[in-house]
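Visitor: Structure incoming, see below.
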Amino acid sequence: MNLLELNWGLLAPELTIIILAAVITIADLVMSDKGDRKIFGWVSIVGIVIAIYFTLQQLGSPVEYLLENSYRVDSFGSLFKLIFLVGTGIVFIMSINYIDKEEIPHDGEFYYLLLTALVGAMIMASSADIITLYIGLELLSFSSYIMVGIRKKNLKSNEAAFKYIITGLISSTVFLYGVSFIYGLTGSTNLLVISERLPEAFTNGFDFYVYLGFFMILVGLSYKIAAVPSYMWAPDVYEGAPTPVTAFLAVISKAAGFAIIIRILVTIFVPIVTEYNFADPSQTEFFFFEATTYLAIIAALTMIIGNTMAIFQSNAKRLLALSSVAHAGYILIPLASMKSPLTMSIDISNMIFYLVVYLIMNLGVFTVVTIVNRDADTEDITSFRGLYHRNPLLGVAMSFFLISLAGLPVSAGFIAKFNIFVSAITVKSYWLAGIMVVTSVISYFYYFNIIRQMYMRPGRTEAKLRVSNSLQFVILLAFLGVLLLGIFPNTLLDFIYQNFNLADLFTVGFQR
Amino acid sequence: MADLLTRPFSWLNLLYISLAAVIMLGIVLFFVTYAIYFERKVIGWIQIRYGPNRVGPKGLLQTVADVFKLLIKEDIIPEKADKALFRIGPMLAYLPAFAVIAVIPYSEKIQFADVNVGILYYAALSSITITGILLGGWASNNKYAIMGGMRSVAQMISYEVPLIMSFLGIVIMTGSLNLIDIVEAQKDSTWFIFPQIIGFITFLIAGNAELNRTPFDLPEAENELVAGYFVEYSGFRFAFYYLTEYVYVFAMASLMTVLFLGGWDAPFGLDFIPGIIWFILKFMLLVFYLFWVRATFPRVKTNQLMGFAWKVLIPVALFNVLLTAVLKILNVY
Amino acid sequence: MVPLNAYLAVGAIMFSIGMFGVLNKKSGIIVLLSIELMLNAVNINLIAFSRFGFYGNITGQIFTIFTITVAAAETAVGLAILIAIFRNKGTISITDLNIMKR
Amino acid sequence: MMDSIGLLTLITFSPLLGVLLLAFVPSNKAGTIKLIGVLVSFIPLILSFVMFSSFDSTINGMQFVEDFDWIQIPLADNAMIEFKYSLGVDGLSMPLVVLSAIVASMSAIAAVNMIKKRWKEYFILFFLMQVGLYGVFAAQNLFLFFIFFEITLITMFFLVGIWGLDKREDAAFTFLLYNGLGSAILLISFVVLLMSAGYYEGANGTTIFTTDIQTIIFNLNNSASPYELLGVGVSDAIKYGVFFALLVAFGIKVPLFPFHSWILKVHYQAPPPMSMILSGVLLKIGAYGLFRMNYGFFPEITETFSTLLIILGIINLFYGGILAFVQEDMKMVVVYSSISHVGIIILGLGAMNSFGFQGAVFQIVSHGLLASLFFYIVGVMYNRVHTTKFSELGGMAKTMPFTSGILLTGALASLGLPGMSGFISEFLTFLGLFENRPILAAISTLGVVLTTVYLLRSVLNVTYGPTAEKLTHVSDARSVEMIPMVVLVGFVILVGVYPAILSEPIQATLQLFLTRIGG
Amino acid sequence: MDYIYSNSYLSITIFILLGIMLPVAAIEMVSPLISPKKPSKEKSVTYESGILPTGDARVQFNVRYYLFALLFVVFDVETVFLYPWAAAFERLSQYSVFVLIEMTIFIFMLIIGLAYAWKKKVLSW
């Protein structure tokens, strides 16, 4: 293990961000207290762009292993890294103007915590070892905990942070407990080694522990994506956190959660065969493809709870929190409808596509929410009243984002949902597809309620609402993204399908 | 004694080990008794006065009398105190102080335990005492006691970090956490006080602070806090806090001897003198140093105290670690 | 030798106690402590498996060190947040954390 | 197959030109906005007439076909989903495109006087909705159909919610949720069809799944061996399931009896120009879809359940008629008459023969024209007196002779006076129905009598009798306001006098449907 | 040799038992036998230099105590990582100097943390 001979270029995206975080941390220390820290934001954006460039360079190259196989650079990880990087970049643009206000008292800290959280997410996406993965998870989590509570004089923020950390820790403990059994059965934390040894343990009468591990891992990881059973934190945390942080949690943190769920569940559990069928190999029964039924139940409950609870919310951020819970349910559907190895690749690609779309539209929504809430000094959805008259383009953009969130055409959200829907129908999970569609209809109610506020109610004031240039840029970007992906989804779809290779998740690249 | 450890388990062996432990307890108690006497004498001598000289010949029984006095004092638990915690406090403080003695090798023969993680064991156990002190202060429900408890905890945890870090240089040099190995390593090369002089000094200072002794005795500063965390304690409960401090003097001096002064290793090839004698000599030297410091230095100020640990000692200790590693790579050691 | 199941049982019991504490205790500090207990249950499992597992190896112990670190970070961040709450609100009882409506 | 953009694309997307133009007009220039709004609405109308005139009545398949690759979604290693941008019209959809264009342009003229605020947004949304309208009828791909369908849904939500009457928001939400549910069911059915029946063998042996209507029809009716790659295939359960799902989805839109409640609120609250579109065209999407899909995909099943359809039609006919009879509000009468008349469409469809189908198409067109006419006239009245209650109306003939004349003409057409479109449609429908189901036909003719009763009652209530206080000072319709009345009535009479104009183009297509049924 | 391990821990156990037994025996058994027992109201009052205590002793403490506690936790855990590294340093350093660079980065990161606390005036009392 000569680390000096390591191919550092493979770690370039991560290293860029890490160095950036370190430099900003030091610069923050050196800078006088009164110094303007916006510059950090811009520097970070530049760094993120560089990291995006590095990540794009890595796309399409074969799987590479690093650090004793604990880290792997593969298409799956790179695609997710792109999501994280782009998302965080947009959050940065959102924040730079947001934190003028006393909202975030420690702006320097905020910037580098965002970066460390990003690093955590990137590590999560790319790790092939549960220890590395866990470190990434906790790096992301702890940065988020602090960011949620960064308004330390604000009781809401405190509460949110405490609820978040408690839920997060319980969940990660449950996850670890599950992992400990998997480790006990296989003696390794390397995902690929586990995937080789676990089937053996399963067939040798330790299936109970495999099930135990599966459920605990599932339950433990569900909090990151805010799905049942660990979704309860979402409304409070989203409400209490500063809005850019909320956006980060809703988008990047959630995507990271999905990355880790896919990576672990698919890599570890798919090779387990419950019943061999030597006569007809295509009839062989797999553990995972049966266990997805439980995922389906989780997805269904998540959709139902998220969408029905969202109806009763009057706080915009709580509403979006529950909407993001609901979306977690939607995104789980492709995973839940993996019933045969044939469609797995497509299903995962669909999830990635959805996450990209979700990223774009959600960041758009949160940008608008940031602007509106700041102007109105309240987070109630009545703050949207008369928005259309005050700034028509903002109103149109927001309605379009909401329409996309609701999954109506002609928006990217529709295509994304449609893909997922097809996944479910393909495997004949009509009930799941039905729940998805019906809950989507329920969701019209609260999404269009915001639209109603914007168009059909008079505002408290008719004054024009000014939007700073950077935020305008974000909104424009998101708007175009949602529209263009809605009309020409193939640009992104093909990109994902070409660059995602399912085999990457299973390729064993070392000798033992 | 050391060969007891190599025998297979038998009840007889267990009995022998237990006996040895009891003897060790006796030795420690004896040491404490006469360390107190010795301390008072040393301080008296430095301050040009007599020290204890009434009870027994040359005042030798003074401490015994003191202990007996404490024994016959009434045991008062204040009304507002948390009774259970109040009782547990001194025991919890004392227990680790005695337990750490087990891992220290006194000579080639006199070893009670041969543990791979000796240093970690010491570090882990000794930090439990902090809990005992905090409990005592908290359970007393007295403003002085709580203030004293908080202060001493803050101080002890602050100095614990450089204290533990100061061992690291030695660990790097020997590649082992086993105290016996460390002594053996010093036999082969030099005593670690020379290459690890930074570590040694760090340890001296941090160790002194860890003991809550002058000049770092703010937690029990008589003139501010009456007696700090044990202000409400009387009788034997008080005695045990007191005992804890001196048992730690014993333990820390032993540890320093082992880590930095070569343990039972004889200097200058004077092998004919038994190792245990050398150990005791070095040990006595360090104990004397502790008393000397107490008599000489004034108490530091609070604001200096904490800052010193974090701003000076920890960076210095970390620097020492890196320096040792660099020198190790350059094969200087 | 103590069998593996005994360790697992201790782990499970600690885990359950921790879970109970998290769900039932009112004080924020105790909740944090309960989580610590759960983490230690995990540690026991990992260490036991590292000694007695099918492929017992040192990985479990390494994992444990990382878990301990996370537990420390948990304490640090959790306490910091609790302090902030205490300073703003004067209580650390989690039943009082209800300004955001359910 | 055409390589360049064709007529249908132009028709469908020409309203976007209006959006573009309006984007550069400041919102306070009402005159310019209205002018653009009206003029641009005529572009699709003119184009649709061009299409009508060059329509080849002898072909029973699709004409003006446009086919472009659009979205490809890989499904497995050698399978993919393909959505094409394919438009086309046959004898069934062509008249509906024309109808939409007529009603839409009239609605634009109506909007000039009836919309009182935020003209710019109104016309932008109106144009967007027109895209959906034409697209729905022209789409030859279920996916495309669905997208256009949803466009009408979203834009209508805004149009009703912003420009409606007092309870507009309520109405908008009702509309959204009911139709959202309908479209959700539609989506499920489409995807099920896609995955079970929409496959064909592409190049290199790839299996391509598509929502192309013709492919699905072909597979459902001809394919002997269901495709098994992904375990798909058309079982009877799927067929029946999809059939009923589509029935419910389109039934909500039509609206059929148990799903009708949304239309009461929405029609009443919607601004009159939108009511025109809603009843004139949007509801017809339901009938169109029922015909195109239920009949196209599942002829046998439809045959089996034709009695059910007829019964549903009769229920609608009577339910609407009876309730229209007891209403004390002109607008509600029109709304219920809509429900009642839709029943006739369903009856025609249920007849399962050439006459019945023709009657249904005629009724679609006829009711499309008449319903928008009624809503327009009611709107004109409301515009003047701000009420539509009988108790406050009466004697309109004196002050508004022209309007009342048109109203009476419309009513007569609606109840089936010969020489008007209503007569043709009802005549054909009942002819067809008597041929197959004489008893049910006999029952349903009673419904027509009911129509006569309530229409005359309400029209007479409004036009004759002592002039109501509120009506004494109002003036008759101005020339701009007359245009829609004249045009709509003109078309009603045109169809009535010269039915071949409609029956000729639809003949071949209907024959095709009949062949599938086996009749 | 094999017995050293178990015997060592046996011996440690005995030391711990002794560590518990001595105070228990002395405080709870011997001391009550010989010490007087004359409780009175005044005796059990909390001592505040002879003045009757007012208010609750468990007041809100200076936040610095907590901050030091938090810092301690972080740095104590740092040493948890330093120990295995230090113990394995000799062997690892034979292969690559990277083992040093690695830990330098690690320590550097912690120094940043310390500097942060310093800058935020946590370290001064």
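The values are calculated or read from the model by the stated rules, or taken from the named source; none is laboratory data. Treat the numbers as computed from the prediction; the structure is a model and nothing was measured. When we count neighbours, we look across all protein chains shown, and the Cβ atoms used for this are built from the backbone with ideal geometry, even at glycine. What goes into the accessible areas is simple: the full protein's heavy atoms, side chains included, and nothing from ligands, DNA or RNA. Shrake-Rupley method; radii C 1.70, N 1.55, O 1.52, S 1.80 Å.
Visitor: In chain D, which longest range has no chymotrypsin sites (Phe, Trp or Tyr not before Pro) that are both DSSP loop (not H, G, I, E or B) and surrounded by at most 15 other Cβ atoms within 10 Å? Kindly include the intermediate steps, with their values, before the conclusion.
Guide: On the way: sites that count: D:Phe24, D:Tyr464.
The longest uninterrupted stretch comes out as D:25-463.
Visitor: Once the principal axes of the Cα atoms of the protein assembly as shown are found, what is the range along each, listed largest first in whole angstroms?
Guide: Its Cα atoms span 142, 78, 56 Å along the three principal axes.
Visitor: How large is the charge dipole for the range E:59-124, taken about the Cα centre, if only the Cβ atoms of Lys, Arg (+1) and Asp, Glu (-1) carry charge, to the nearest 20 debye? Could you put the intermediate results ahead of the total?
Guide: Details: 5 positive and 4 negative charges, 79 e Å.
I would put it at about 380 debye.
Visitor: Structure shown: which of D:Lys34/D:Lys470; D:Lys331/D:Lys398; A:Lys152/B:Lys143; A:Lys156/E:Lys120; A:Lys34/C:Lys26; D:Lys84/D:Lys167 lie over 32 Å apart, alpha-carbon to alpha-carbon?
Guide: On the way: D:Lys34/D:Lys470 29 Å; D:Lys331/D:Lys398 21 Å; A:Lys152/B:Lys143 29 Å; A:Lys156/E:Lys120 24 Å; A:Lys34/C:Lys26 41 Å; D:Lys84/D:Lys167 40 Å.
Checking Cα-Cα distances, A:Lys34/C:Lys26; D:Lys84/D:Lys167 exceed 32 Å.
Visitor: Quick one: ranking D:Val266, A:Val86 by accessible area, 1.4 Å probe, largest first, what do you get?
Guide: On the way: D:Val266 0, A:Val86 60 Å².
If we order D:Val266, A:Val86 from most to least accessible, we get A:Val86, D:Val266.
Visitor: Further, regarding this structure: Per DSSP helix of 4 or more residues, -39500 (n - 2.57); summed, then divided by the residues of chain B. What does that give at 222 nm, rounded to the nearest 500?
Guide: Working: 13 runs with 215 residues, N = 333.
About -21500 deg cm²/dmol.
Visitor: Would you mind giving the mean number of other chain beta-carbons within 10 Å of the Cβ of each residue in C:60-70, as a whole number? Numbers along the way, then the final one.
Guide: Numbers: counts 6, 1, 3, 9, 1, 6, 9, 7, 3, 7, 12.
Across C:60-70, the average partner-chain Cβ count within 10 Å equals 6.
Visitor: Considering every residue in D:174-187, what mean count of other chain Cβ atoms within 10 Å of its Cβ is obtained? Walk me through the numbers before you get to the answer.
Guide: Working: counts 0, 0, 9, 5, 1, 2, 11, 6, 1, 5, 11, 4, 1, 10.
Mean shielding by partner chains, rounded to a whole number: 5.
Visitor: Now a separate question. Please say if the range D:19-127 is rounded, prolate or oblate, where rounded means a/c under 1.5 for a ≥ b ≥ c the square roots of the C-alpha gyration tensor eigenvalues, and otherwise the choice is prolate for a/b larger than b/c and oblate otherwise?
Guide: Values: a/c = 3.39, a/b = 1.56, b/c = 2.18.
Cα axes put the range D:19-127 in the oblate bin.
Visitor: To continue, here is another question. Using a 1.4 Å probe on the protein heavy atoms only, what accessible surface does D:Glu426 show? Give it in Å² to the nearest 10.
Guide: 10 Å²
Visitor: Order the following by accessible area, largest value first: E:Arg91, A:Arg151. Probe radius 1.4 Å; ligands, DNA and RNA are ignored.
Guide: On the way: E:Arg91 160, A:Arg151 25 Å².
Sorted by accessible area, descending: E:Arg91, A:Arg151.
Visitor: So if I place +1 on the C-beta of Lys and Arg and -1 on the C-beta of Asp and Glu, and nothing else carries charge, what would the dipole magnitude of the protein assembly as shown be about its Cα centre? I want it in debye, nearest 20. Working shown, then result.
Guide: Details: 92 positive and 95 negative charges, 1005 e Å.
With Lys and Arg at +1 and Asp and Glu at -1, about 4820 debye.
Visitor: List the lysines whose Cα lies under 23 Å from the Cα of E:Lys38, skipping any in the same chain that are fewer than 8 positions away.
Guide: Correct list for E:Lys38: B:Lys69, B:Lys73, B:Lys80, B:Lys83.
Visitor: Before rounding to the nearest 500, sum -39500 (n - 2.57) across all DSSP H runs of length at least 4 in chain A and divide by the residue total; then give [θ] at 222 nm in deg cm²/dmol. If you can, show how the numbers build up before the last one.
Guide: Working: 21 runs with 356 residues, N = 512.
Rounded to the nearest 500, it is -23500 deg cm²/dmol.
Visitor: When only the heavy atoms of the protein chains count and the probe is 1.4 Å, how do A:Arg37, B:Arg7, B:Arg54, D:Arg437 rank by accessible area, highest first? Before the final figure, lay out the partial values.
Guide: Values: A:Arg37 15, B:Arg7 95, B:Arg54 200, D:Arg437 70 Å².
These residues rank, largest area first, as B:Arg54, B:Arg7, D:Arg437, A:Arg37.
Visitor: Shape call for chain E from the C-alpha gyration tensor, a ≥ b ≥ c root eigenvalues: rounded (a/c under 1.5), prolate (a/b greater than b/c) or oblate? Don't jump to the answer; show the numbers that get you there.
Guide: On the way: a/c = 6.82, a/b = 1.41, b/c = 4.83.
Oblate, since a/c reaches 1.5 and b/c is not below a/b.
Visitor: Let me ask something additional. Under 16 Å Cα-Cα from C:Lys25, which lysines qualify once same-chain neighbours fewer than 8 residues away are excluded?
Guide: Leaving aside lysines fewer than 8 places away in the same chain, those within reach of C:Lys25 are A:Lys163.
Visitor: Give me the distance in nm between label points sitting 7 Å out from Cα along the Cα-to-Cβ direction at B:Ile46 and E:Leu17, one decimal.
Guide: Using points 7 Å along Cα→Cβ, the separation is 4.1 nm.
Visitor: Can you give me the Cα centroid spacing of the range D:448-490 and the range B:2-58 in angstrom?
Guide: If we compute the Cα centre of each part, the gap is 119 Å.
Visitor: How big is the C/A interface in buried accessible area, both sides summed, 1.4 Å probe, to the nearest 100 Å²? Could the numbers behind the result be given before it?
Guide: Values: alone 7320 and 19300 Å², together 22590 Å².
Buried: approximately 4000 Å² between A and C.
Visitor: What does the charge add up to near C:Arg87, with Lys and Arg as +1, Asp and Glu as -1, over the other residues with Cβ less than 12 Å from its Cβ?
Guide: Details: positive: A:Lys152, A:Lys153, C:Lys89; negative: none.
Local charge sum for C:Arg87: +3.
Visitor: Can I ask one more? What accessible surface, in Å², does a 1.4 Å probe find on D:Asp329, ignoring ligands, DNA and RNA and rounding to the nearest 10?
Guide: The accessible area of D:Asp329 comes to roughly 10 Å².
Visitor: When the accessible area of the range B:237-333 is computed with all protein chains present and a 1.4 Å probe, what percentage of it is carbon and sulfur?
Guide: On the way: 2860 of 3870 Å².
C and S atoms contribute 74 percent here.
Visitor: When the C-alpha atoms of the range A:3-511 are aligned to their principal axes, what extent does each axis show, in angstrom, from largest down?
Guide: That gives 74, 54, 41 Å along the principal axes, largest extent first.
Visitor: Could you tell me which residue out of D:Gly202, A:Asn362, A:Leu212 lies farthest along the dipole of the protein assembly as shown toward its positive end? Charges go on the beta carbon: Lys and Arg +1, Asp and Glu -1, centred on the Cα centre.
Guide: The listed residue farthest towards the positive side: A:Asn362.
Visitor: Now a separate question. Using just the Cα positions, wrap the range A:430-505 in a convex hull and report its mean projected area in square nanometres, one decimal place.
Guide: Working: hull surface 37.3 nm².
Convex hull of Cα atoms, orientation-averaged projection: 9.3 nm².
Visitor: Same structure, new question: Stokes-Einstein diffusion coefficient for the range A:144-255 at 10 °C in a medium of 1.306 mPa s, Rh from the Kirkwood formula over Cα pairs: what value in µm²/s?
Guide: Values: Rh = 15.2 Å.
It comes out at roughly 104 µm²/s.
Visitor: Work from the charge dipole of the protein assembly as shown (Cβ charges, +1 for Lys and Arg, -1 for Asp and Glu, about the Cα centre) and give the residue of D:Ala30, A:Leu480, B:Leu255 farthest towards its positive end.
Guide: The one lying farthest along the dipole's positive direction is D:Ala30.
Visitor: Restricting things to alpha carbons, tell me how big the range B:75-329 is in terms of Rg and Dmax, in Å.
Guide: 18.7, 62
Visitor: Leaving ligands, DNA and RNA out of it, work out the accessible area of D:Arg457 with a 1.4 Å probe and give it in Å² to the nearest 10.
Guide: 60 Å²
Visitor: Give the angle, between 0 and 90 degrees and rounded to the nearest 10, that separates the Cα long axis of helix A:287-311 from the longest principal axis of the Cα atoms of chain A.
Guide: Relative to chain A, helix A:287-311 is tipped by roughly 10 degrees.
Visitor: Over the alpha carbons of chain D, what is the largest minus smallest coordinate on each principal axis, giving the biggest first in Å?
Guide: Each principal axis gives a Cα extent; for chain D these are 76, 60, 41 Å.
Visitor: Heavy-atom accessible surface, probe 1.4 Å, ligands and DNA/RNA ignored: which residues of the range A:432-463 lose at least 30 Å² versus the isolated chain?
Guide: Those are A:Val437, A:Val441, A:Tyr444, A:Phe445, A:Phe448, A:Arg452, A:Tyr455, A:Met456, which lose 30 Å² or more relative to the chain on its own.
Visitor: Another question, then. How shielded is A:395-401 by partner chains, expressed as the average number of their Cβ atoms within 10 Å of its Cβ atoms?
Guide: Numbers: counts 1, 2, 0, 0, 2, 1, 0.
Per-residue shielding by partner chains comes out at 1.
Visitor: Which of the DSSP-defined H helices in chain B satisfy a minimum axial length of 15 Å, computed from C-alpha atoms, and a minimum mean Kyte-Doolittle hydropathy of -0.5? Intermediate results must be reported in sequence, preceding the final value.
Guide: Details: long enough: B:11-46 (50 Å, 1.64); B:83-99 (25 Å, 1.02); B:118-140 (34 Å, 1.29); B:143-166 (34 Å, 0.59); B:197-210 (19 Å, 1.61); B:235-260 (37 Å, 1.21); B:275-296 (31 Å, 1.79); B:314-329 (23 Å, 2.09).
The qualifying helices are B:11-46, B:83-99, B:118-140, B:143-166, B:197-210, B:235-260, B:275-296, B:314-329.
Visitor: Determine the calculated [θ] at 222 nm for chain D from helices alone, applying -39500 (n - 2.57) to every DSSP H run no shorter than 4 residues and normalising by the residue count; nearest 500 deg cm²/dmol. Spell out each step's value before the answer.
Guide: Numbers: 22 runs with 362 residues, N = 519.
The per-residue figure over chain D is -23000 deg cm²/dmol.
Visitor: Please say if the range D:1-74 is rounded, prolate or oblate, where rounded means a/c under 1.5 for a ≥ b ≥ c the square roots of the C-alpha gyration tensor eigenvalues, and otherwise the choice is prolate for a/b larger than b/c and oblate otherwise?
Guide: Cα axes put the range D:1-74 in the oblate bin.
Visitor: I would also like to ask the following. For A:Lys464, give me every one of the aspartates and glutamates with a C-alpha distance below 12 angstrom, ignoring sequence neighbours fewer than eight places off in its own chain.
Guide: A:Asp375
Visitor: Using Cα atoms only, what is the angle between the long axis of helix A:207-221 and the major principal axis of chain A, expressed in degrees (0 to 90) to the nearest 10?
Guide: 10 degrees
Visitor: Of B:Phe272, B:Asn178, B:Leu322, which is farthest along the charge dipole of the range B:75-329 in the positive direction, counting Lys and Arg as +1 and Asp and Glu as -1 at C-beta?
Guide: Of the candidates, B:Leu322 comes out farthest on the positive side.
Visitor: Another question, then. Highest first, please rank the peptides D:273-286, B:81-94 by the mean number of other Cβ atoms sitting within 10 Å of their residues. Provide the component values of the computation, followed by the final result.
Guide: On the way: D:273-286: 28.2, B:81-94: 21.0.
Sorting D:273-286, B:81-94 by mean packing, highest first, produces D:273-286, B:81-94.
Visitor: Calculate the length of the line joining the C-alpha centroid of the range D:83-110 to that of the range A:297-335, in whole Å.
Guide: When both Cα centres are located, 38 Å separates them.
Visitor: Then there's this: Would you mind telling me the share, in percent, of accessible area of chain A contributed by carbon and sulfur at probe 1.4 angstrom?
Guide: On the way: 9580 of 14970 Å².
Within chain A, the accessible surface is 64 percent carbon and sulfur.
Visitor: Might you report the magnitude of the Cβ-based charge dipole of chain B about its Cα centre, with Lys and Arg at +1 and Asp and Glu at -1, to the nearest 20 debye?
Guide: Taking the Cα centre of chain B as origin, the dipole is about 720 debye.
Visitor: Place the peptides C:72-83, C:26-37 in order of packing, highest mean first, counting for every residue the other Cβ atoms within 10 Å and averaging per peptide. Could the numbers behind the result be given before it?
Guide: Values: C:72-83: 21.5, C:26-37: 19.6.
My ranking of the peptides, most packed first, is C:72-83, C:26-37.
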